[in-house]
Amino acid sequence: MDKPGAGLFITLEGGDGSGKSTQSALLTEWLTDAGHTVLVTREPGGTPLGEELREIVLHRRGDIAPRAEALIYAADRAHHIATKVRPALERGEIVVQDRYLDSSVAYQGAGRVLDGTEIRNLSLWATENLLPDLTILLDLPEDDGRDRLAERTKYDRLEAEAADFHARVRAAYLGLAEAEPGRFLVLDARQPREVIAAAVRERVGSLL
């Protein structure tokens with residue numbers, strides 16, 4: 001199923017500490033000031049059921065088998081898209097979303113050493129083949145990401161993974177962007193936030 005309605009679906013991707021929340025807020029403010037109706041959401045989460053699933057995959061004590069983790073993310077995604085994102089797109093709104101299926105390919109695929117194609121196909125099935133109009137990848141070397149998170153007193157299950165896990169995640173993201181250059185905008189997350197925001201606005205403006 002193709003993207004419904006006349007809405008615009010924008011996702012932000014990147015490793016932990018790359019600044020997705022900051023750029024999401026700046027983009028949303030710019031779009032709202034321009035008179036657009038914007039739905040800001042995230043995965044995992046974004047719905048009451050999604051928040052329960054988010055608690056399981058990110059904060060549950062003890063191990064979760066990699067395939068079980070991937071399926072939980074897919075279940076959250078299926079519900080989130082069906083009940084929140086597609087209705088917004090059908091109303092002609094702009095959806096700005098923190099993480100989507102590329103996160104699963106990078107984290108559950110490369111990070112957990114599962115088959116990335118299988119993970120992607122699972123998400124496509126769960127969402128009836130919904131792909132973003134634009135995916136903004138905030139690229140940040142894993143060491144820089146760890147430095148940005150250093151002040152936190154608590155890490156979630158993925159943030160707490162070893163450096164080689166995050167190196168695989170970053171490499172997977174860059175590979176995805178290389179494979180779909182028309183969908184991705186790759187930006188160096190080490191740049192000043194206003195420089196990044198200006199590049200994001202320029203690309204989004206071309207889609208409006």
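Structural remarks
- Among Val40, Leu137, Val186 - extreme Cα towards positive end, dipole of the chain, charges at beta-carbon: Val40
- Interchain or long-range residues, amide H under 5 Å from Leu185's placed H: Thr135, Ile136, Leu137
- For segment 1-123, the dipole from Cβ point charges (+1 on Lys and Arg, -1 on Asp and Glu) about the Cα centre works out to 160 debye, to the nearest 20.
- The chain, dipole about Cα centre (Lys/Arg Cβ +1, Asp/Glu Cβ -1), debye to the nearest 20: 280 debye
- Local electrostatic count, His80, Cβ distance below 13 Å [Lys/Arg +1, Asp/Glu -1]: 0
- Per-pair calculated FRET efficiency, R0 = 30 Å: Arg183 and Arg60 via Cβ, rounded to 0.05: 0.40
- Local electrostatic count at Arg67 - Lys and Arg +1, Asp and Glu -1, tallied over other residues with Cβ under 11 Å: -2
- Candidates Gly45, Gly182, Gly111, ranked by Gaussian network fluctuation over the chain, Cα under 10 Å, top entry: Gly182
- Electrostatic bookkeeping for Glu43 treats Lys and Arg as +1 and Asp and Glu as -1; over the other residues with beta carbon under 9 Å from its beta carbon, the sum is +2.
- For segment 8-205: relative contact order, % (alpha-carbon pairs under 8 angstrom, 6 or more apart): 33 percent
Laboratory data are not the source of any read-out in this text; all were calculated from the coordinates shown. Note that the coordinates shown come from a computational prediction; the quantities given were computed from them, not determined experimentally. Note that each Cβ is placed from the backbone with ideal geometry, even for glycine, and that neighbours are counted across all protein chains shown.
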